[in-house]
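Colleague: Quick one: the structure is below, and I'll ask about it shortly.
Every number here is computed from the coordinates shown, using simple stated rules; none is lab data. Worth saying up front: this structure is predicted, and the values here are computed from it rather than measured. Every residue, glycine as well, gets a Cβ built from its backbone with ideal geometry; the counts of neighbours run over all protein chains shown.
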Amino acid sequence: MSFRWVFTQPEDEETVSALQESLGVSDIIARLLAIRGISTFESARSFFRPDLKDIHDPFLMKDMDAAACRVAKAIRESEKAVVYGDYDVDGTTATSIMYTFLKDFGCDVQYYIPHRFKEGYGISNEGVKFAEEQHAGLIISVDCGITAVEEAKYAKELGIDMVICDHHTVGDSIPDALAVLDPKRPDCEYPFDGLSGAGVAFKLIQAVLIKLGLPKEVAFKFLDLLAISIASDIVPIVDENRILMREGLKLLNTNPRPGIKALMKLIKLQPGHIGTSQIVFSIGPRINAAGRLGDATTAVELQIAETEEEGAARAHELEAINLKRRQIDADTMEKAMNILDQEFDIEKDSSVVLHDPEWHLGVIGIVASRLVDRYCRPTIMLSTVDGMVKGSARSIKGFNIYNALKKCDDLLVQFGGHEYAAGLTLMEDQLDLFRERFNEIVFEQLNEEDFEPELIIDADLDLSMVDARFWKVLRQFEPFGPKNLKPIFVSKGLRVIGNPTVVGNGHLKMKVAQNGSAVYDAIGFNMHEFLPAVRTCKNGCLNMAYVLEENTWHNRTTIQMRIKDIQIDT
């Protein structure tokens, strides 16, 4: 797929000049900073030197005092408590963090993760009943609960206090719980609303430690799991998320907990080389796999394992589950593509809404994301479970899929999520009407240009500028993620050195240089279709969009260009 290249411009060119002078950096580095909203020496210092002392006071969050007092009371009195989580990476990391904290401090604690297919997302009456059967006086929900109005009422009727820790969009009403922690609450003045679910749980732990008269830094032992949550849940890597992520990566690379260490060993990830990409593409999917296929217990057991032997056993279980998930994923993608090849009209259809009653609920969200990447259309994948149509929705830039579903709420049994991803349930007899209305909503809000995939370019880079100092400064932009994406550069007039080839499963590999620069390896994953063009293009006619990254091979580390797109001047 080729992209429309869109070059990002800083709001003020004078800011670029001022940063370049005050920091003593190149124009490119100053431009990258300005694009990210960094305009002063002090803000640049904070960006390059993030510090845990700069994270926000947890008590700025609405209801935090009540929540911290109640959890501190449970600890002091060794109460029975239940941590109620979600089955994805964010939910299981949040559950593991809160469970381990309470257990370490003497609570008689159990955890409860709903079965993805038997109960679905969120707090259920079955889970509340479980807490009653455990004789628990306290439920702490993590990464869920903001829409649990009826379930909170049920817990209250049973005499169980509920503390909700969530980060999802607030519904029409807030549950009547003892405390509801959610930085997205309209009445919450917390300075940053981009925390993950595990991030909200982490802030509660910090507040509880303060109530217990202990240093809030005790919570830093959970930063490894918090980093996994932040990277996997695709929350913005800015503000305190960037600080927590950076410090969590340090812990993952130096002293990961036993279960995570065992998983890393199994999948051949070396401590010292773990970054956001390794979490997103290797660690996260394996933790997620258990919940995707139904029961996320194994994921939690891995994270709370106290020995490497126990962790290794859970890691092998997760790897087997993940292999099964990948096969189901591939089969679903193939079937979805077959349907689209026959039925989809890219000139007419503004959205993709596919339904197959046999599709596995645990993978349709992944497939929906891939279809968004391929067709640049808001996409909904649906299956049928116990007579109800259920599914996952994914969106494109500029289209809030949660708001779109809200406009269809009279056709839906339930829905929830956020701007780019959501889940939904509806009756099968409403499917055709829903598909029609959803497509109309997309058509009304988006135009043809919105359906052209964009590639946001940070800067035009001359390869001769890429030296050791440039690379050292660029590395300090890490960790990368939403709102602090890995910079995408464009270099024009490149010369192809040697003979480009295809390696692996359709990956384009070649060497390029520009204006007397050093020669760089370039690789484009799944970009084999460009091979004939780059083999025959004349010197100086190749324009490439790419990111710079390190590649280690046979103990030798070099800088390589990972290709995002290619344009050839004719």
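Colleague: Tell me the angle of helix 364-375 to the major Cα principal axis of the chain, expressed in degrees between 0 and 90 and rounded to the nearest ten.
Modeller: Taking the Cα atoms of the chain, the angle to 364-375 is about 30 degrees.
Colleague: Next up: Within the range 540-570, list the residues whose amide N lies under 19 Å from a label point set 7 Å along Cα→Cβ of GLU454.
Modeller: 545-547, 564-566
Colleague: Let me ask something else. Please compute the volume of the convex hull spanned by the alpha-carbon atoms of the chain and report it per residue in Å³. Spell out each step's value before the answer.
Modeller: Details: hull volume 92.6 nm³, N = 570.
Looking at the chain, the number lands at 162 Å³ per residue.
Colleague: Would you pull out the residues with amide H under 5 Å of LYS564's amide H, same chain only if 5 or more places away, H placed 1.01 Å from N?
Modeller: Residues meeting the criterion, in which the H sits 1.01 Å from N, are ALA545, TYR546, VAL547.
Colleague: Give me log10 I(q)/I(0) at q = 0.10 Å⁻¹ for the range 344-451, Debye formula, one equal scatterer per alpha-carbon, no solvent.
Modeller: Taken in order of the listed q values, log10 I(q)/I(0) reads -0.23.
Colleague: In terms of modelled amide H atoms, which long-range or inter-chain residues lie less than 5 Å from the amide H of VAL413?
Modeller: THR425, LEU426, MET427
Colleague: Name the trypsin sites (Lys or Arg not before Pro) in the range 491-570 that are in a loop by DSSP and that have at most 11 other C-beta atoms within 10 Å, would you?
Modeller: Values: sites: LYS492, ARG495, LYS509, LYS511, ARG535, LYS538, ARG556, ARG562, LYS564; in loops: LYS538.
Answer in residue order: LYS538.
Colleague: Would you mind computing, in nm to one decimal, how far apart the modelled labels at GLN414 and ASP356 are, each placed 7 Å from Cα along Cα→Cβ?
Modeller: 2.7
Colleague: Tell me, how many Å apart are the Cα centres for the range 420-497 and for the range 284-337?
Modeller: One Cα centre to the other: 28 Å.
Colleague: Output wanted: per-residue J couplings in Hz (rounded whole) for the range 269-285, from phi through Karplus 6.51 cos²θ - 1.76 cosθ + 1.60, θ = phi - 60°, x for Gly and Pro.
Modeller: 9, 8, x, x, 10, 9, x, 4, 4, 5, 6, 5, 9, 10, 6, x, x
Colleague: What are the semi-axes of the equivalent ellipsoid of the range 213-345, taken as the square roots of 5 times the eigenvalues of the Cα gyration tensor, listed largest first and rounded to whole Å?
Modeller: Whole-Å semi-axes of the equivalent ellipsoid: 31, 19, 13.
Colleague: Moving on to the next point. Place +1 on the Cβ of every Lys and Arg and -1 on the Cβ of every Asp and Glu in the range 432-555, take the dipole about the Cα centre, and give the residue among PRO500, GLY524, LEU548 whose Cα lies farthest towards its positive end.
Modeller: PRO500
Colleague: Okay, moving on. Output the antiparallel fraction of DSSP beta bridges having both residues in the chain, as a percent to the nearest 5.
Modeller: Bridges in the chain are about 60 percent antiparallel.
Colleague: What percent do you get for the relative contact order of the chain when only Cα pairs under 8 Å and 6+ apart count?
Modeller: 12
Colleague: Let me ask something else. Could you work out the pair-distance distribution P(r) of the range 70-173 from its alpha-carbon pairs, with 10 angstrom bin width and percents rounded to whole numbers?
Modeller: So the P(r) values, bin by bin, are 17, 52, 29, 3.
Colleague: Further question on the same structure: According to the Cα gyration tensor, what semi-axes, each the square root of 5 times an eigenvalue, does the equivalent ellipsoid of the range 456-563 have, listed from largest to smallest in whole Å?
Modeller: 22, 16, 15
Colleague: Tabulate in residue order the Karplus-calculated ³J(HN,Hα) for the range 300-307, using 6.51 cos²θ - 1.76 cosθ + 1.60 with θ = phi - 60°, rounded to whole Hz; enter x for Gly and Pro.
Modeller: Karplus values, whole Hz, x for Gly and Pro: 5, 4, 4, 6, 9, 4, 9, 10.
Colleague: In whole Å, what three semi-axes, largest first, describe the equivalent ellipsoid of the range 54-318 built from its Cα gyration tensor (square root of 5 times each eigenvalue)?
Modeller: Working: eigenvalues 142, 84, 61 Å².
The answer is 27, 21, 18 Å, longest axis first.
Colleague: Taking amide H atoms as placed 1.01 Å from N in the peptide plane, list the residues 5 or more away in sequence, or in a different chain, whose amide H sits under 5 Å from that of ILE497.
Modeller: Sorted by chain and number, the residues that satisfy this are LYS511, VAL512, ALA513.
Colleague: As an exercise, use a Förster radius of 30 Å and the Cβ-Cβ distance of SER46 and ASP104 to find the FRET efficiency, rounded to the nearest 0.05.
Modeller: Efficiency for this residue pair is about 0.40.
Colleague: Okay, moving on. List the trypsin sites (Lys or Arg not before Pro) within the range 326-386 that fall in a DSSP loop (any state other than H, G, I, E or B) and whose Cβ has at most 11 other Cβ atoms within 10 Å. Before the final figure, lay out each step's value.
Modeller: Details: sites: ARG326, LYS335, LYS348, ARG370, ARG374; in loops: LYS348.
Those that pass, being in a loop and sparsely packed, are LYS348.
Colleague: Relative to a virtual label point 7 Å from the Cα of GLU126 in the Cα→beta-carbon direction, which members of the range 94-118 show backbone nitrogen distances below 18 Å?
Modeller: Residues 111-118 fall inside that zone.
Colleague: Moving on. Okay, helix-only estimate at 222 nm for the chain: each DSSP H run of n ≥ 4 adds -39500 (n - 2.57), divide by all residues, round to 500 deg cm²/dmol; what do you get?
Modeller: Computed ellipticity for the chain at 222 nm equals -12000 deg cm²/dmol.
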